[in-house]
Amino acid sequence: MRVGVSAFLLYLCIQYWQNVAGAIGAVFGALTPLAVGGVIAYIVNILMSSYERYYFPRTKKAWIAKSRRPICMLTAMFTLVAVVALVIALVVPQFISCVKLLFSQLQGAVQYLLPLLDQWDTLDLVSDDFLAQLRNLDWKSLIERIADVLTSGIGGAVDIVISTVSTVVSSVVTAFLSIIFAIYLLMGKETLGGQCDRVLHRYAPEKVYDKVRYVVGILNDCFRRYIIGQCTEALILGMLCTAGMLILQLPYATMIGAFIAVTALIPVAGAYIGGAVGAFMIFTVSPIKAVFFLIFLVVLQQFEGNVIYPRVVGSSMGLPAIWVLAAVTVGGGIGGVGGMILAVPLAAALYRMLRNDLHKEDPIPAEPVEAPKPKPVKKNKKKK
C-alpha cells in the first residue's frame with residue numbers, strides 16, 4: 001500500500017509539475033513572514049539574553065521578575081533600531097553631498113565641452129553625409145511618433161505603478177507580521193522549545209531524537225558565535241577606519257567608517273566593497289587623497305586579517321581560513337550576499353560535526369594517567 005501510494009503521488013507530481021510547483025511556491029510565500037520573524041527573533045534574542053542577565057538577576061519581587069522579559073525585549077529591539085538609524089544618519093547625508101559635488105563637477109565639464117561643440121564642423125569627427133541626413137530629417141513627424149509611443153505606453157506605466165504600490169504594501173504587511181511573530185516567539189521561547197522537544201521525543205526514535213538535538217545545538221552555537229564575533233569585528237574595524245581617516249585628515253571620515261563597518265558584516269569581501277565606494281567618494285574631492293585612503297585601507301585590512309579577525313571571529317568559530325574563503329566563494333555563487341553571510345556559520349557547523357565524528361571513530365590518544373592507589377579497607381571487628 002505504501003509503495004503504491006508513493007508511486008501514484010510521484011506520478012501526479014511529474015504529470016502536473018507546474019501546478020505542484022505553483023502550490024509549493026504559494027506555501028513558501030505564505031510562510032515568508034514566519035521565516036523572517038524567526039530570523040528577527042533569533043537576532044534580537046542574542047541581545048535580549050544578555051540584557052536579562054543584568055536586569056535584577058537576584059530579585060525576589062514577582063512583578064520585577066515578570067517585567068524582565070518584555071523590558072529586555074523592547075530594549076534589544078530599540079538598540080537594533082538605534083544602530084540602523086545611526087548608520088543611516090551618518091551615511092545618507094554625506095552620500096547626498098558627495099553626489100551633489102559630483103554633479104557640480106559634471107556641470108563644469110559640460111561647460112568646458114560646449115565651446116568644442118561649436119567647432120564641430122572643424123573637428124572632422126563626423127562625416128558630411130551623416131550631418132546632411134540629420135539636417136534632412138522630418139523632425140515634426142519624428143516628434144509625433146515619439147508622442148504616440150509615449151501616450152500608448154501610459155497604460156504600461158499605470159500597470160508598473162500599480163505593481164510597485166502593491167509590492168510596497170505587501171512588503172510593509174510582511175514586515176509587520178514578521179515583527180508580531182518575532183514578539184510572540186521571544187515572549188514564549190521556553191514554552192515553544194519545550195513543546196517541540198516533547199513532540200520530537202514522543203514521535204521520533206531515540207537515535208533520531210539525540211541526533212536532531214545534537215545538530216540543532218551545534219548550529220545554534222555556531223550561528224550565535226558568528227553573529228557576535230562578526231558584529232564585534234565590524235565595530236572595531238569601523239572605529240579604526242574612522243580614527244585613521246581623521247588622523248590623516250581625509251574627507252567623509254565618519255561616513256566611510258560607518259559604511260565599512262556595515263559592509264564588514266560580509267566576510268572576507270565586505271571591507272573591500274566599502275573601500276571601493278569610499279575611494280570613489282574621496283576621488284570626487286581629491287584623487288591624491290583617494291590613493292592615500294587605499295594605501296591606508298590595505299594596511300588596515302592586513303592588521304584586521306592577521307590580528308583582529310583570528311582573535312575575535314576565527315577563534316570563536318574554530319574554522320580554518322582556507323575553509324572560510326571556500327565557504328564565502330561557494331555561498332556567494334549560490335545566494336549572493338546572503339549566501340556569503342550564511343555560508344561561514346554553516347561551514348563551521350559542518351566542520352565541527354565532522355571533526356567530532358572523526359575523533360569519535362579515531363580518538364586522539366591521551367597521556368597515560370597513573371591509577372589512584374587503592375584505599376586500605378578497614379576490617380570490621382566481630383562482635384562477641
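Here, each number is a calculation from the coordinates, and none is a lab measurement. Just so you know, these numbers come straight off a predicted model, no measurement behind them. Please note: Cβ atoms are built from the backbone with ideal geometry, for glycine as well, and neighbour counts cover all protein chains shown.
Once the other residues with Cβ under 15 Å from the Cβ of Gly275 are scored (Lys, Arg +1; Asp, Glu -1), what is the net sum?
0
Would you kindly work out the equivalent ellipsoid of region 1-104 from its C-alpha gyration tensor and give its semi-axes, the square roots of five times the eigenvalues, largest first in whole Å? Write out the running numbers ahead of the final one.
Numbers: eigenvalues 406, 216, 14 Å².
Gyration-tensor ellipsoid for region 1-104: 45, 33, 8 Å.
Using 0.36 nm times the number of residues separating Val173 and Ala243, minus their current alpha carbon distance, what extension gain do you get?
Details: separation 70, 0.36 × 70 = 25.20 nm, distance 4.07 nm.
So the extension gain works out to 21.1 nm.
Roughly speaking, what is the stretch gain from Thr32 to Glu206, that is 0.36 nm per residue apart minus the C-alpha to C-alpha distance, in nm to one decimal? The partial results should precede the final answer.
On the way: separation 174, 0.36 × 174 = 62.64 nm, distance 3.18 nm.
Length difference between fully extended and current span is 59.5 nm.
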Note on region 161-239: the mean projected area of its alpha-carbon convex hull, in nm², is 9.2
Taking 19 Å as the cut-off for C-alpha to C-alpha distance, list the pairs among Lys61/Lys189; Lys207/Lys360; Lys66/Lys189 that go past it. Lys61/Lys189
Computed E for Ile295/Val337 - FRET, C-beta separation, R0 35 angstrom, nearest 0.05: 0.85
